[in-house]
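What follows is a set of notes on a single structure, which appears directly below.
Values in this text are rule-based calculations from the coordinates and carry no lab data. Fair warning: this is a prediction, and the values are worked out from it, not measured in the lab. Methodologically, a virtual Cβ is constructed for each residue, glycine included, from the backbone with ideal geometry; neighbour enumeration extends over all protein chains shown.
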Amino acid sequence: MASALARSRETTKERKPGRKVRILIGKPGLDGHDRGAKIIARALRDAGFEIIYTGLHQTPEMIVSAAAQEDVDGIGLSILSGAHNYLLPRIVEMLREKKMGNVVVFGGGIIPDEDIPKLKRKGVDRMFTPGTPLQEIVEYVRERVKPRK
Ligand code: B12
């Protein structure tokens, strides 16, 4: 999976009925751990979702701007740096400011158990920690992320 805004296929801004659910996989922050992000991007692409991967070292502004530009239905964030308590709520907040509060934000990485309820309270729908089977993540996305109207 290549760098900034690599796409699994050409995207179009037109919203056609029956189009695929579109997910942005983002790597906010400064850590270079990208295995998880790439594995999740591939698993979701193989499951039939349209995937856009931001590449490493993205700011919340870059992620929200890419999400708006690509008109995505969900954002999956991978973070192993420990900065999740700031970066993830900031992304949710910026989406709300852009009237994109109906984009489902989820993610995974090295997240202490006690931080997960706090992230949920701030609008992050779900977090997955190391060892989660890919099938569980695919089923969650299928169930939870639908095309936005
Ligand atoms: C491999 C690895 C590296 C590799 C990274 C290679 C790469 N290109 O990714 C290298 C050697 C480069 C590396 C470097 C460092 N690492 Co490192 N690394 C690891 C290690 C051993 C495994 C991470 C991994 O790839 N796991 C496999 C993937 C598939 O798992 P995953 O990302 O967790 O993803 C799963 C879930 O978390 C979830 N998920 C993750 N992302 C997403 C996204 C979405 C959308 C969804 C739905 C789910 C999801 O689903 C996945 C499947 O279950 C972990 C320890 C560990 N056991 O996790 C430490 C670890 C992450 N590293 C750590 C550290 C400290 C570092 C360094 C700072 C060390 C140093 N002093 O240099 C550097 C930082 C480098 C940098 N530029 O950021 C710490 C982080 C501590 C923290 N956050 O509190 C860890 C936890 C080790 C430790 N116990 O201290 N590291």
Seminar exercise, completed: Across segment 56-76, the tally of residues that are in a helix (DSSP H, G or I), acidic (Asp, Glu) and surrounded by 16 or more Cβ atoms within 10 Å (Cβ to Cβ) stands at 1
Exercise. If you take just the helices (runs of 4 or more DSSP H) that sit entirely in segment 84-149, which of them hold at least 1 residues that are of a type in the set (Ser, Thr, Tyr), out of contact with any Leu (no Cβ under 9 Å at 6 or more places or on another chain) and closer than 20 Å to Gly36 by Cβ?
Worked result: 84-97, 134-144
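Out of the residues in segment 131-149 meeting the condition of being near the ligand (Cβ under 8 Å from one of its atoms) and touching a residue at least 40 places away in the same chain (Cβ under 8 Å), tell me which one is farthest from Gln69 (Cα to Cα).
First, pick out the residues of segment 131-149 that are near the ligand (Cβ under 8 Å from one of its atoms): 131-134, 137, 140-141.
Cutting the leftovers down to touching a residue at least 40 places away in the same chain (Cβ under 8 Å) gives us 134, 137, 141.
On the way: Leu134: 28, Ile137: 25, Val141: 21 Å.
Among those that are near the ligand (Cβ under 8 Å from one of its atoms) and touching a residue at least 40 places away in the same chain (Cβ under 8 Å), it is Leu134.
Within segment 40-55, can you find the residues that are part of a helix (DSSP H, G or I) and exposed (fewer than 15 other Cβ atoms within 10 Å of the Cβ)? Break it down into steps so the answer makes sense when it comes.
Of segment 40-55, the ones part of a helix (DSSP H, G or I) are 40-46.
Result: Asp46, single match.
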Problem set entry | Verdict on Ile52 being under 19 Å from Phe128 (Cβ atoms), in contact (Cβ under 8 Å) with a residue 40 or more places away in the chain, in contact with a helix residue (DSSP H, G or I) (Cβ under 9 Å, 6 or more places away or on another chain) and among the β-branched types (Val, Ile, Thr) | no
